Each structure stands twice: as structure tokens, then as C-alpha cells.
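Take a look at the structure below.
The values are calculated or read from the model by the stated rules, or taken from the named source; none is laboratory data. Not measured: the values here are computed from a predicted model. Here the Cβ positions follow ideal geometry from the backbone for every residue, glycine too, while neighbour counts run over all protein chains shown. These accessible areas exclude ligands, DNA and RNA; they are computed on the full protein's heavy atoms, side chains included. Shrake-Rupley method; radii C 1.70, N 1.55, O 1.52, S 1.80 Å.
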Amino acid sequence: MDNQFLISLTEKYGAPLYVYNADVIERQYTRMMNAFSSVKNVKLNYAVKSNTNINVLKFLKNLGSGGDCVSVQEIKLCLAAGFKVADISYTPNGVSFEEITEAHKLGVKITLDNLSSLDKFGKTFPNAPVSLRINPHIMAGGNAKISVGHVDSKFGISHTQIEEIKTIIKANGTPVNGVHMHTGSDIYNPDAFVEAMEVLLGIAEHFDTIEFVDLGSGFKVPYKDNDHETNLEELGPILGASFNAFCKKYGKELKLIFEPGKFLVSESGKFLAKVNVIKQTPNINFVGVDSGLNHLMRPMMYDAYHRVTNISNPNGIEKEYNVVGYICETDTFASSRTLGEVNEGDIICMDNAGAYCFSMASNYNSRFRPAEVLVVKGKDYLIRQRETFEDILKNQIEIDLS
């Protein structure tokens, strides 16, 4: 998608605007499937939380993806998008048992990550299969807030608690149909995946009813020019060989599952914002845009880096700017960035906006969430309308205070 095309989309649909390129999603899906082609039975379950637009879900379903859900609402989104129940996995954390019960009644695969819920599930639903989310005690990920497999993480049952797991499983007669883990996001070091695989296969050995091994995801994508990324082409054969050897030892062909979210959709997305004001101070030139942390929170929450370009003047005289939002907080998208000279009305483009961007958006400061557009084979489709003031009031109930 070139600059003029992106600018034309803001003229057609307004700004700020999220734009997703379906061709990039398909490229990433194909790349990942090819990387693990040495395994006979591989399944990608898209991490729905990363981008929940139903059209993105439909596109991935049509590619062959399943859905990885962390809430009943995400399960229902997958069902609305046409996913088969058998292709939907539910991996909650800290939810009520009522929600787990609802997910079970919907017929999806259940993965539990604490001993209490595991025991209650087995007693409530005799003979119902369950998958175990294991904490491998591996520190991995691009930021402490997205490192979820270390020893002090709230996620997963510690791999050292295998005897407690076995006691519960035996007492309730619960079939363990899978083992699962997710160690974090933006993991560049391939050794983390190799180590996690060893821990997970070690847990699987304790059960004779295993049908699948789920390694989660966390593969790093590039954010900057010449940035590092997980080398899937190198990692795939290594993990594949380890998995295939285990299947032979185990005595049956198991399914290898991954749950990519960011890897599939991050690079597909562009976030386009219009410049409201240029503010010059003694030390900094600020570019104030018509957006803020209410639309794209990652830089403020994770110190995430997003490549920023002035697509209205990409070849202009270069100047250094801080790109900031209009929210009543310090909502800085980018600091000390060199951009083509910026003027009011220019369109600023932020890359890697396909994952954990719109899905984390809010109405903070009573601002409207933006529109979303999906580009498929060069044709643009509006897939979410921009909110209006009626949406702000929609669920509020006015009472008589006179």
C-alpha cells in the first residue's frame, strides 16, 4: 500500500483510521505453515485478542486457521465468523467457573491453568477432556508485561507441580487431551522455544491420552528498519524434529498447535492520523495528531516502538519531532523521530498497527474509536464504522435527579 493510496483512504473514510492489508496476513500465515512443514499435523489457532474484527477472523478462517480464545465473548465471535467448534480453543486465566462452564457447553477445547479449576472441572464434568497450560519457568519476551512464562507469572500451572496435577486427574478420571504453554511475546531467541518444547514434552509423557501439543506463540516481528525477527525458517525444522521424535516415542501421531496473533496481523496494519498542530518549544518540536492513547496504547503501555512516517511529505527536509496525542495524559507515540517536514493537515502513518492496537482502544476522554478498513487484493472495504456520539451514550441510563 503506497503513500498516496493510504492518503486517499483517509480522504474517503476520514482520520484517524486503521488499515489492514489482507495480503500481508496471508503471507505470514503461509510462511508459518511452511516453516513447520516437516510436521505432518500442524494447526495455527489465531490469537483472537490481537485483532477481533470479524472480517479479519473470517479471512483467517478461510486460510485454514483455528481460533485461540481467552474469553467466552471471543468464542462467540469465532462462531459468528463461521469457525467450526472443533477448531476453537479456550485458554482463560483467572475467570469464573461459570464462564468455564459456558465455554464447555459451547463444545470448544478447554485449557485450564490452575489446580483449583482443574479439580472443579473434573468433578463437575466427569470424563470431559481438558488441556493443561503449563508454566515452564522460562523468562522470555520483549517486555516484562508480555513475559508470561517465568516462575512468578500468574499464567499456567508450574511444571514442578506435575504430581499435584496427576493426583487431581486420577481422582476425577479426567482425560488430558493436550499440553499447552505460552512463554511471552516478541521472543527473538529461538532457544526459548526449544527449551519450552522440552519442558512441555516432558509433561506430556506423564499422560497416555494426549492428542495435541500447543506451543503458543510469541514469535518476534520487526518494528524498525533492519530489526531482528524470529528466524522461523531455522527454528521450524528444529522444533519439528523434536516433535516428530516424541510422536514416534509416544506411539501415535499428535497434532502440533501454535497460537500466533501478532505474527499474523501486526505487520498488516497501518494507523493513520492527521496532524492538528505543530508546537515548537525551546527544546522540542511537537507534532500533535488527532489521536492518542485511546486509539493506540502500546507505546505508552509497553514502550513499544512503531515506525512513524509523514506520508504527506516523505521526502521533505528532515526535522526531528516528538509525535504526541490529544489525550489529557502524556501520550507520546514517538520521541526524537526524524520525519519529512511536518505541516498541519499532513497524514502521519504508524506501522505495525494490526495487533493489540484497535483491540485495546477505548473511549477515554469521551473520544470516538476510529474506523477500520481491510484491503484485499488492492480493493478497500470499510469493516468498522467510526463511532458517533450516540455510541458514547448507548449504554448509559439517565435517571431523574430533580
Exercise for the section: Check E341 against each of (1) at pLDDT below 95; (2) surrounded by fewer than 18 Cβ atoms within 10 Å (Cβ to Cβ) and name the one condition it does not meet. Expected result: (1)
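If you scan the stretch 68-86, which residues turn out to be out of contact with any Ser or Thr (no Cβ under 8 Å at 6 or more places or on another chain) and open to solvent by 20 Å² or more (accessible area, probe 1.4 Å)?
Going residue by residue through the stretch 68-86, those that are out of contact with any Ser or Thr (no Cβ under 8 Å at 6 or more places or on another chain) are 71-73, 75-76, 78-86.
Hits for the stretch 68-86 are S71, Q73, K76, L79, A80, G82, K84, V85, A86.
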Exercise for the section: Determine, yes or no, whether A361 is in contact with a His (Cβ under 6 Å, 6 or more places away or on another chain) and aliphatic (A, V, I, L, M). Expected result: yes
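Within the stretch 39-54, count every residue that is open to solvent by 50 Å² or more (accessible area, probe 1.4 Å) and out of contact with any Ser or Thr (no Cβ under 7 Å at 6 or more places or on another chain). Let's see the steps before the verdict.
Residues of the stretch 39-54 that are open to solvent by 50 Å² or more (accessible area, probe 1.4 Å), as a first pass: 40-41, 49, 54.
Restricting the remaining residues to those that are out of contact with any Ser or Thr (no Cβ under 7 Å at 6 or more places or on another chain) gives 40-41, 54.
Residues flagged as open to solvent by 50 Å² or more (accessible area, probe 1.4 Å) and out of contact with any Ser or Thr (no Cβ under 7 Å at 6 or more places or on another chain) within the stretch 39-54 amount to 3.
With the requirement that a residue be β-branched (V, I, T), surrounded by 15 or more Cβ atoms within 10 Å (Cβ to Cβ) and under 26 Å from F243 (Cα atoms), what does the stretch 152-179 give you? Walk me through it before giving the result.
Applying the first criterion (β-branched (V, I, T)) to the stretch 152-179 yields 157, 160, 162, 165, 167-169, 174, 176, 179.
Those still in the list that are surrounded by 15 or more Cβ atoms within 10 Å (Cβ to Cβ) too: 157, 162, 165, 168-169, 174, 176, 179.
Of everything in the stretch 152-179, those that are β-branched (V, I, T), surrounded by 15 or more Cβ atoms within 10 Å (Cβ to Cβ) and under 26 Å from F243 (Cα atoms) turn out to be I157, I162, I165, I169, T174, V176, V179.
Only one residue in C357, C349, C328 is open to solvent by 80 Å² or more (accessible area, probe 1.4 Å) and within 19 Å of L296 (Cβ to Cβ), so which one is that? Give the derivation first.
Numbers: C357 fails: open to solvent by 80 Å² or more (accessible area, probe 1.4 Å); C349 fails: open to solvent by 80 Å² or more (accessible area, probe 1.4 Å).
It is C328.
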Practice task
Give Y18, Y46 a once-over and let me know the one that is in contact (Cβ under 8 Å) with a residue 12 or more places away in the chain and more than 27 Å from L215 (Cβ to Cβ).
Solution key: Y18
Exercise for the section: Restrict the check to the stretch 134-147 and report whether at least one residue is crowded, with 18+ Cβ neighbours inside 10 Å, closer than 30 Å to K105 by Cβ, modelled with pLDDT under 95 and not aliphatic (A, V, I, L, M). Expected result: yes
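Given the criteria over 25 Å from L254 (Cβ atoms), of a type in the set (S, T, N, Q), assigned to a helix (DSSP H, G or I) and in contact (Cβ under 8 Å) with a residue 40 or more places away in the chain, does N55 qualify? Spell out the reasoning first.
Details: over 25 Å from L254 (Cβ atoms): yes; of a type in the set (S, T, N, Q): yes; assigned to a helix (DSSP H, G or I): yes; in contact (Cβ under 8 Å) with a residue 40 or more places away in the chain: yes.
Yes.
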Problem - Condition broken by T10, with the remaining ones in (1) open to solvent by less than 60 Å² (accessible area, probe 1.4 Å); (2) in a loop (DSSP other than H, G, I, E, B); (3) among the hydroxyl-bearing types (S, T, Y) satisfied - result: (2)
Completion exercise
Those residues of the stretch 298-318 which are farther than 30 Å from V48 by Cα and loosely packed, with under 15 Cβ neighbours inside 10 Å amount to P314, N315, G316, I317, E318
Problem - Unique match (being touching a residue at least 12 places away in the same chain (Cβ under 8 Å) and over 19 Å from G292 (Cα atoms)) among Y381, Y321, Y326, Y356 - result: Y381
Handout entry: Those residues of the stretch 220-246 which are under 13 Å from A192 (Cα atoms) and modelled with pLDDT under 90, in sequence order
Key = K220, T230, N231
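From the list L201, L215, which one is under 24 Å from the mean Cα position of the chain (by Cα) and touching a residue at least 40 places away in the same chain (Cβ under 8 Å)?
Of L201, L215, the one residue that is under 24 Å from the mean Cα position of the chain (by Cα) and touching a residue at least 40 places away in the same chain (Cβ under 8 Å) is L215.
How many residues does the stretch 180-203 hold that are at positive phi and either open to solvent by less than 10 Å² (accessible area, probe 1.4 Å) or at pLDDT 95 or above (or both)?
Let us first name the residues in the stretch 180-203 that are at positive phi, namely 184, 186.
When the remaining residues are screened for being either open to solvent by less than 10 Å² (accessible area, probe 1.4 Å) or at pLDDT 95 or above (or both), the result is 184.
Residues that pass the stated criteria total 1.
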Exercise for the section: For the stretch 105-120, name all the residues that are among the basic types (K, R) and more than 16 Å from I88 (Cβ to Cβ). Expected result: K120
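For D113, state whether it is modelled with pLDDT of 95 or more, under 29 Å from E229 (Cβ atoms) and open to solvent by less than 50 Å² (accessible area, probe 1.4 Å). Give the derivation first.
Working: modelled with pLDDT of 95 or more: no; under 29 Å from E229 (Cβ atoms): yes; open to solvent by less than 50 Å² (accessible area, probe 1.4 Å): yes.
When the stated conditions are applied, D113 does not pass them.
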Problem - Looking only at the stretch 256-288, and only at residues there that are in contact with a helix residue (DSSP H, G or I) (Cβ under 8 Å, 6 or more places away or on another chain) and charged (D, E, K, R), the one that is farthest from Y321 (Cα to Cα) - result: K262
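Residues in the stretch 279-331 that are part of a helix (DSSP H, G or I) and more than 23 Å from G14 (Cβ to Cβ): how many? Show your work before the answer.
Step one: list which residues in the stretch 279-331 are part of a helix (DSSP H, G or I), which gives 298-302.
Okay, now just the ones that are also more than 23 Å from G14 (Cβ to Cβ), so 300-302.
Number satisfying all stated conditions: 3.
So, in the stretch 264-283, of the ones that are touching a strand residue (DSSP E or B) at 6+ places or on another chain (Cβ under 9 Å) and either modelled with pLDDT under 95 or polar (S, T, N, Q) (or both), which residue ends up surrounded by the fewest Cβ atoms within 10 Å (Cβ to Cβ)?
Going through the stretch 264-283, the residues touching a strand residue (DSSP E or B) at 6+ places or on another chain (Cβ under 9 Å) turn out to be 264-265, 267-280.
Then drop every residue that is not either modelled with pLDDT under 95 or polar (S, T, N, Q) (or both), which leaves 268, 276, 280.
On the way: S268: 26, N276: 15, Q280: 8.
Checked the stretch 264-283; the qualifying residue surrounded by the fewest Cβ atoms within 10 Å (Cβ to Cβ) is Q280.
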